[in-house]
1. Out of the residues in the range A:143-160 that are closer than 22 Å to residue B:261 by Cα and either away from every other protein chain (no Cβ under 14 Å) or in a loop (DSSP other than H, G, I, E, B) (or both), which is modelled with the lowest pLDDT?
2. Looking at B:113, B:121, B:85, which one is out of contact with any Gly (no Cβ under 6 Å at 6 or more places or on another chain), in a helix (DSSP H, G or I), outside the structural domain of residue B:219 (by TED's automatic domain parsing) and more than 16 Å from ligand 2 (Cβ to nearest atom)?
3. Restricting to the range A:757-771, name every residue that is within 23 Å of residue B:165 (Cα to Cα) and within 11 Å of another protein chain (Cβ to nearest Cβ).
4. Sort out which residues of the range A:734-756 are part of a helix (DSSP H, G or I) and away from chain B (no Cβ under 12 Å), and write them in order of number.
5. What is the one condition in (1) more than 14 Å from chain A (Cβ to nearest Cβ); (2) of a type in the set (A, V, I, L, M); (3) touching an Asp or Glu at 6+ places or on another chain (Cβ under 8 Å); (4) closer than 19 Å to residue A:584 by Cα that residue B:141 does not satisfy?
6. Within the group A:204, A:211, A:230, which residue is in contact with a Gly (Cβ under 6 Å, 6 or more places away or on another chain) and over 28 Å from residue A:173 (Cα atoms)?
7. Considering the range A:747-779 alone, what residues qualify as being buried (at least 16 other Cβ atoms within 10 Å of the Cβ) and without any contact (Cβ under 8 Å) to a residue 12 or more places away in the chain?
8. For the range B:211-230, state whether one or more residues are within 14 Å of another protein chain (Cβ to nearest Cβ), under 19 Å from residue B:182 (Cα atoms), β-branched (Val, Ile, Thr) and crowded, with 23+ Cβ neighbours inside 10 Å.
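The values are calculated or read from the model by the stated rules, or taken from the named source; none is laboratory data. Please read all numbers here as calculations on a predicted model, not as lab measurements. Glycine also receives a Cβ, built like all others from the backbone with ideal geometry; neighbour counts cover every protein chain displayed.
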Amino acid sequence: MPTFEEVRSQLFRILGQTSFGEDVMDVRFTGFHYARGLRSIDEAVPGLAELQNSVLELIYSLGEKLAKRDKEMAFNFFMTAPDAVNHFSVEDLEKWVELGLELADAYGVVPARNFFKGITRETIEKIHSHGLEFKDVARVLEIYMSALSGDQLTVQEAHESYTDTRTVFLPHKVEEFESDELNFRVYKVMAAHRYAQRRYRSLEPRLNLLEDLVNELEQRYGRSVSSEREGLENFIHLFPEEQLALDIFSVVEGARIERNLRREFRGIARDMDALLEREWERRPEVSRLSPREAAVEALMQLLTYGRVKGELSGEVAEVVSRARELAEEMLQKERPSVEDSCRVTAEIYRLVDEKLPPGMYTGFRNIAFRGVIKPEQVTAGLKKTKKEMAEKLESILEELEIEKPPDIDSMIQHAINEVPDPLAYGAPLDFLFRLGLDIPDEIQEELLREIEKLLGELGEIDASMLMKVLDSAGRKIRANIQARVTEFQVELTEEDKKDAFLYDEWDYKVGNYRAAWCALKERVMPKGSDRFVEKTLEKHSGLVSLIRRQFEMMRPDYRRLFKQMYGEEIDIDAFVEAFADIKAGTTPSDKLYIKIDKKERDIAVAFLVDLSGSTTGWVIETEKEALVLMCEALEVLDDKYAIFGFSGKTRKQCDFYIIKRFDEPYDDTVKQRIAGMDAFDYTRMGPPIRHVTRILEETPAKIKLLIVLSDGKPEDFDEYKGDHGIEDTKKALIEAKRKQIRPFCITIDTEARDYIQRMFGEIGYIILDDVAKLPRKLPEIYRRLTT
Amino acid sequence: MSESRTLRVEEYVITEEPYYEPIGNEIEVFEAAYRNKLPVMLKGPTGCGKTRFMQYMAWKLKRPLITVSCHDDLTSSDLVGRYLVKGGETEWVDGPLTKAVKVGAICYLDEIVEARKDTTVVIHPLTDDRRILPIEKRGEIIKAPDEFMLAISYNPGYQSVLKDLKHSTRQRFISIDFTYPPKELEKKIVMQESGVDEETAEALVTLGEKIRNLKDKGLEEGAGTRLLIYAGMLIKSGIEPVKAAEIAMANPVTDDADMLRAIRELITTVF
Ligand SMILES: Nc1ncnc2c1ncn2[C@@H]1O[C@H](COP(=O)(O)OP(=O)(O)OP(=O)(O)O)[C@@H](O)[C@H]1O
Ligand SMILES: [Mg+2]
């Protein structure tokens, strides 16, 4: 064991001083300075001197690490280390130090110094937790968010939690608690809080409603709004101390949306309370902060907890109490808006700015689950939304054959601003009128109903909500008004026609077919790697056996057919009925037997895979994996199946790839062809559908299925797009149905609803929101379709 | 005996006004169809009020309502009728369809897709302007009185290709679309039917709305009004709201683990 002197000299070497400040509780806060008592490093020595040399070495090296950041933090660490050794393993000790350093990074050295003063239950929990990673709960959070926001927000991982109004960013990892269950709650509350920012439109104050205030601020601080910035960023930019303004805003606005959230979602309030309670301990004491920092922190504490940690000096206390009054007055209103929060922010900012010396303002960290606000990201997000709106609007105008106005963007902005009461029933329709859209009467009512539904989801109208309105307006208009069609045709040469199957194409404008219009060429898919199938099976081994088991259950089993001409047993019901018939004097049926029969499954299915350029990469690879699983499953049954692919460039060159013919076995050749599948050109859907129809026609089976895997609209490089492509495809499918073929489409285009329903009918399709699900879904869909 | 095994027939004249909240103009459309002797198809997701609507209309039009829940063993004699032997004597027993035609009732074939195709065709002659029902066994043809009406229900959620409704059947009906009621209305319905207070009803409807957002995102069918009412009833009889919602609204709609988890999180967000 080391001697007292040895330990002392090591500490001195590491810390470079013999005593450290300690807060003296009853010292009066004088504004900028506060006195502290002194503690000698000697106090740390006795405990350490009890430790094994090997452990001590580790403690020294960890202490050194801390000392580089802050000496006092390291000193506290040495004081507590002997106790820590009792609680922690070597790894835990290291983690403890890491946590302290992280805390220092996030909240500054003061809370980090406190952190090392002792070991709390929380610290122990945190050290023992491995943390919950975003990727482990991504899907659940994604579904959660999609349900909450009605598909308006998606989730993604990032360094911090914030939202740009389109995507909610959540941290890579949460290790607040030991249990994953509790860590998940942190994710959940963060997600709900970001959603609240959207729902109560925190990030999109409408400056046109704040015109007087904006003018005033522009004059007072000499800064101005610009069209470069959107919503919140513009507002914050009006203040010279942008960080201070943003922090005040986040406190005031945070209180507003949390009140709304609590009122509307009782459950989440419970979770928030639990997290808030835990965070209280970590909040800094206001007496340790510079005046402006103290003011913001105290305001937050008051609005959140109703109390303040530590004491405020006279000036600061006055400012804070006035600020609190302003904020609470606003919160008392029936329905405070973000614009109200902006007004209060400006007033509080002015108070702070005029009454409290600038001192050093290093910024303020809000409660962790409230995340951060990134005004520049908000601008980026809103700009993107507006751009999409402009595009949608343009396409509607085009459909309506209205001349496109020169400045569509300012038109949209104007319309957004002009909607007088965004909460009024029909406000979005008003928005459409203000855009100068002449909505046909018969569409209006339908639109209104849809809008009402949207309003239910979002509560308040914001830019992306209006976008949905545009979406549905577009859809309705398209359905009601026949679009213009471009006249553009390609000549088919003799060369094109050679070895080709010629197919007609439907021209819906003329209401007739263009005869022998497309040349389709059959090609055998080139072989790819022979390892692909193997790898896929390895990757999905669990799934493969599950699917196989499920498919085994679909195998034809024996069943009793009632009322048969002959069979193994007498059908008593039929017999009684016949007897009654005889008695009644009518001709009885002679179908009196039960036949034990193998239930027939006489099914032929053709898979037709879209190999257009847009499927390049991850989409096609996943489709291939799905096909492998599908084949494995089908091998269990006696269903006949074939796999084809298609792609092409203009009507002269519709390529039809053969991967597996009906009469080919699922062997190495086929496996290699699956591996060889690749993305090529465009999506002319009509000709390949007609070709498969021809093939299926020649295949004997009672039930014939055509399953199309697609990722987008029918679209070719020539005039085969828009309504023409859709109508021709629809026609080709009708032709197939006439030949008793049942088409079904699986698409991963989440925007597909519009057109896919037109082509495949109400029940003839399914939209997958995520390609990754295809390998699981494809066999499942097949199973459901055929049982 | 065989009748009670394969059929669930409820025949009655509804004397008390059933509780029904109109969602659009479905009542007028149905009345117009009735006046013009047109058969009607009610289309919509499960649990959105189709059956209740039929009860209401039967009451309003003062006709008895005969409901048949279709299933895949349903034969045409189950609908039309058959001879039975009783104490050595035979007796003809009308099936529900024949009964409805004879008394000029409204006959409601629920979930018609479930029935076998050869069964479905017996309704064809009743659905065009002949409005007749041939009873082969007895060599009779009954002409339907003006008061008789045929209605079927059909849930277009994606189904087996082996079971879809034939176009020749579908196109004989005028169709009325049912959707989930708008928020305020649904709240009212949930309160009325389950007896929960406004706050609970509001929460249930919010939850329903959120779950419906997942349709096509992995859920085949959102939570219908019926499920909201069930949850409400459970709550009313003392079960903890979170538990009640889980039992009535999460478990019935999916068995995908992540989906279930997310719905549970929604429940604990709302309650
Ligand atoms: N508009 C409405 N007015 C009153 N009650 C309604 C209404 N819509 C739904 N309900 C309630 O919802 C319950 C379920 O509705 P109903 O049984 O009519 O559904 P359904 O559409 O027939 O469903 P399924 O397709 O599963 O048979 C009803 O018992 C009723 O309590
Ligand atoms: Mg029903």
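1. Only one residue fits best here, namely A:151.
2. B:121
3. Selection gives A:757, A:760, A:761, A:762, A:763, A:764, A:765, A:766, A:767.
4. A:735, A:736, A:754, A:755
5. With respect to (1) more than 14 Å from chain A (Cβ to nearest Cβ); (2) of a type in the set (A, V, I, L, M); (3) touching an Asp or Glu at 6+ places or on another chain (Cβ under 8 Å); (4) closer than 19 Å to residue A:584 by Cα, residue B:141 is out only on (3).
6. Unique residue meeting the criteria: A:204.
7. Residues satisfying the conditions are A:756, A:761, A:763, A:773.
8. yes
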